[in-house]
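Participant: Below you'll find the structure I mean.
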Amino acid sequence: MKGRILAVDPGDKRIGLAISDPTATIANPLTVLKHVARAVDAAQIAQIAQEHEAVLIVIGTAYDIDGQAGPQARKAERLAEALRAQTDLPITLWDEAGSTREARAARIAMGVKRSRRAGHLDDLAATYILQTYLDTPSA
């Protein structure tokens, strides 16, 4: 799929967003939204997708080791439903396993000092989710 893809890392307090380049090859952090309410969050995400001319929205979903949807996965599924009411863009749920851990490792690899590594990783986690999606041949 060619065209920009928007990735969403939904959280209880913040929502990380990442966007791909126009060739859907490289993921880049975009922004972090403050979680307000599902409908408001969905409207903001749909607006951002439109502004960036996204052709697809990928939502990170946390499954357990058996592949079952836990409470966070159900929240992601409900956000996907709310987004479908706001946009005609296709929406895909994508396993986000390890995204926060990988975002933290990326900060370390970039040489970010420990004192500056604190804080949210939501946009980097969304970037990791998107890059794993882009790197998967069947995606």
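Bear in mind these aren't lab numbers, they're just calculated from the coordinates by the rules spelled out. Bear in mind that the values here come from a model prediction, so they are computed numbers and not experimental data. Because the Cβ atoms are built from the backbone with ideal geometry, glycine has one as well, and the counts that use them run over all protein chains shown.
Participant: Would you kindly derive the ³J(HN,Hα) couplings of the range 2-18 from the backbone phi angles with the Karplus curve 6.51 cos²θ - 1.76 cosθ + 1.60 (θ = phi - 60°), listing them in order in whole Hz, with x for Gly and Pro?
Facilitator: 9, x, 5, 10, 9, 10, 10, 10, x, x, 6, 10, 9, 10, x, 10, 9
Participant: Hey, can you rank 43-49, 85-91, 125-131, 28-34 by average C-beta count inside 10 Å, highest first?
Facilitator: Per-residue Cβ counts within 10 Å, averaged per peptide and sorted highest first, yield 125-131, 43-49, 28-34, 85-91.
Participant: Here is a follow-up. Put a dot 7 Å past each Cα toward the Cβ at residue 136 and residue 38; how far apart are the dots in nm?
Facilitator: Taking the simple label geometry, residue 38 and residue 136 are separated by 2.3 nm.
Participant: Please name which of 5, 27, 73 has its Cα lying farthest along the dipole of the range 1-80 towards the positive end, using unit charges on Cβ (Lys, Arg +1; Asp, Glu -1) and the Cα centre as origin.
Facilitator: Of the listed residues, the answer is 73.
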